[in-house]
Amino acid sequence: MSALRAHEPATHPSSSFAKSLFCGEVQSGMVLPFPAMERAEQRKVSDLISSLHDVVNERYDPEKASEKGWVGDDLIAGLGERGLLGLYVGEQYGGQGLSQTGYCRVMEEYGAVDASLSVVMGVHQSIGMKPLHLFGSDEQKERFLPDLASGRKLAAFALTEPDAGSDAHNIQSRAERQADGSWRLNGEKRFIGNGSKDVLVTFAQSDQGFVALILEKGMDGLEVGPRYDTLGLRANDLRPLRFNDVRVPPENLLGEPGEGFRIAMHTLNNGRMSLGTGVIGGTKKLIDLTIEQCQNRRQFGRAIAEFELVQEKIAWMVSYLFGLESLVYLTTGLVDEGVTDYSIESAISKVSSTEFIWYAANRAFQLAGGKAYMRTEPYERILR
C-alpha cells in the first residue's frame, strides 16, 4: 500500500510540476489534494521522533560535540539501537521502511536538535547510503545496508574535488579497469562529510564513462586527510581524501560503467530534500527561542514582543517558514507518488532553505541583543 493517501494519479507521473510551471502549465492533478502520510506511518514517525529525543537528551551535548569535533560514537550507537539510522531502508535489511515524507519528518527533528548532527545524519542517510539503496544490487544491499542501518558503520558520499564542485562533469579522479574486473582508482576529493568513516560511494572518470564505486575503510591506498577546522558545523567529520592506486573489487562497482553521473545527480536531488527539512526543524526551534526571548526581554518598560517592528520580524520568519515547509513536503509527496523528475523542486528546496535559515538566524540574533553574542547562548552556534 502506498505511504500516501490514494488520490487521482498525476497525468504525467514522470514529469516535473515545477518545470511545467516555467512553461506556463499548472498540473493541478499532481498536487491536489496535498499529499499526506497514512495514519499508520504517522504513528511510526511519531514514535521514532520520541525515541530520537530520548537518545539525544541522554547522550548528546551540541556544545561539547562542537568542541570535540564529532557528534560521538556513543550517540551513533544509541541512534542505531533505536532504528534511527536506516529510516527509509527496507525492513528486510534492518531499516524502518519509511516513505520519503516520513523520512524527512524525522530528519526535521534532527535539524531541531543541532545543525552538525543533522548534517552527519544527512550525509549518512540522504546521500551516503542512498545510492546503495537506490542502485545497489541485491548482493550489495545485503552486504552493506544491515550494518549501515544499525549504525555499526557510517556512510559517506565523495564527489567534490579541488576543481569540480557543482561542475561534477569535470572531476579528474580516474578509474582504470583491470584484467580481473577490478578497478584501479587514483584521484583526490575534498570536503567529504563522514570522511573517515566506513563506507564511501565515490565517482571517477573511466574509458567507459563515469563510474560509481563503493570504497571501504582500510582499503590499501585510501588516504584520509586531517579533519577540516571549520567555522561552523564543527561536529561534522569533514575531510579530504586521496586515492593512490586503490584496488576496488569488481563487486564494488555500483550500477554499470557509464551510469555514475546519473547515480550522483539522482542521489543529490534526493538529498536536497532532507537538507530542506533539517532547516525547517532548526528554524522552528529558532523561532521558539526568539519568541521566548522577546517575551522576556524588556525595554522602555515593556516586553519587546509588544513592539510592532519586533512582531513584524517574527511574522516574516513564520511566513517564510510556512512557504518553505509547504514546498519541501509537496516535493517529498511527489516522490512518494512516483514522480521521477523532481530535480527543479529539490533544487528550489535547497536554495530556499539555505537562504531562509540565514535570514531567520540573522533576525533572531538581532532580537536577542547582546545576549546573542555570548558563547553560553545557542544563537552564535546557530548563526555559524
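The values are calculated or read from the model by the stated rules, or taken from the named source; none is laboratory data. Computed from a predicted model, the values in this text were never measured in an experiment. So basically every Cβ, Gly included, is an ideal-geometry build from the backbone, and we count neighbours across all protein chains shown.
Anything in the stretch 327-377 that is farther than 30 Å from ALA36 by Cα and either of a type in the set (D, E, K, R) or in contact with a helix residue (DSSP H, G or I) (Cβ under 7 Å, 6 or more places away or on another chain) (or both)? List them, or say none. Of everything in the stretch 327-377, those that are farther than 30 Å from ALA36 by Cα and either of a type in the set (D, E, K, R) or in contact with a helix residue (DSSP H, G or I) (Cβ under 7 Å, 6 or more places away or on another chain) (or both) turn out to be ARG363, ALA364, PHE365, LEU367, ALA368, LYS371, ALA372, TYR373, ARG375, GLU377. Once the stretch 264-303 is narrowed to residues that are more than 30 Å from GLY209 (Cβ to Cβ) and small (Gly, Ala, Ser), the residue that is farthest from the chain's Cα centre (by Cα) is GLY301. In the stretch 20-61, what residues are in contact with a Leu (Cβ under 9 Å, 6 or more places away or on another chain) and under 22 Å from VAL339 (Cβ atoms)? GLN27, MET30, VAL31, PHE34, PRO35, ALA36, MET37, GLU38, GLU41, VAL45 - these are the residues of the stretch 20-61 that are in contact with a Leu (Cβ under 9 Å, 6 or more places away or on another chain) and under 22 Å from VAL339 (Cβ atoms). The criterion of at least 1 residues that are over 20 Å from GLY128 (Cβ atoms) and acidic (Asp, Glu) is met by the following strands (runs of 3 or more DSSP E) wholly inside the stretch 171-215: 174-177. Every condition in (1) surrounded by fewer than 22 Cβ atoms within 10 Å (Cβ to Cβ); (2) in contact (Cβ under 8 Å) with a residue 24 or more places away in the chain holds for ASN296 except the one numbered (2). Considering the stretch 186-212, the residues that are among the small types (Gly, Ala, Ser) and touching a residue at least 60 places away in the same chain (Cβ under 8 Å) include one that is surrounded by the most Cβ atoms within 10 Å (Cβ to Cβ), namely ALA212. Out of all the residues in the stretch 116-133, is one or more more than 15 Å from the chain's Cα centre (by Cα) and surrounded by fewer than 17 Cβ atoms within 10 Å (Cβ to Cβ)? No, the stretch 116-133 contains no residue that is more than 15 Å from the chain's Cα centre (by Cα) and surrounded by fewer than 17 Cβ atoms within 10 Å (Cβ to Cβ).
All conditions but one from (1) surrounded by 17 or more Cβ atoms within 10 Å (Cβ to Cβ); (2) assigned by TED's automatic domain parsing to the domain that holds TYR379; (3) of a type in the set (A, V, I, L, M) apply to ALA303; the one that does not is (1).
Tell me, please, whether a residue that is in a helix (DSSP H, G or I), under 14 Å from VAL120 (Cβ atoms) and either at pLDDT 95 or above or not basic (Lys, Arg) (or both) can be found in the stretch 44-53.
yes
For the residues LYS350, LYS313, the requirement of being of a type in the set (Lys, Arg), within 16 Å of ALA18 (Cα to Cα), out of contact with any Gly (no Cβ under 6 Å at 6 or more places or on another chain) and at pLDDT 90 or above singles out LYS350.
Run down LEU334, LEU309 and say which single residue is in a helix (DSSP H, G or I) and either of a type in the set (S, T, N, Q) or under 20 Å from the mean Cα position of the chain (by Cα) (or both). Quick ask: steps written out before the conclusion?
Values: LEU309 fails: either of a type in the set (S, T, N, Q) or under 20 Å from the mean Cα position of the chain (by Cα) (or both).
Result of the check over LEU334, LEU309: LEU334.
Checking each residue in the stretch 85-106 for being hydrophobic (A, V, I, L, M, F, W, C) and in contact (Cβ under 8 Å) with a residue 60 or more places away in the chain picks out LEU85, VAL89, LEU98, CYS104, VAL106.
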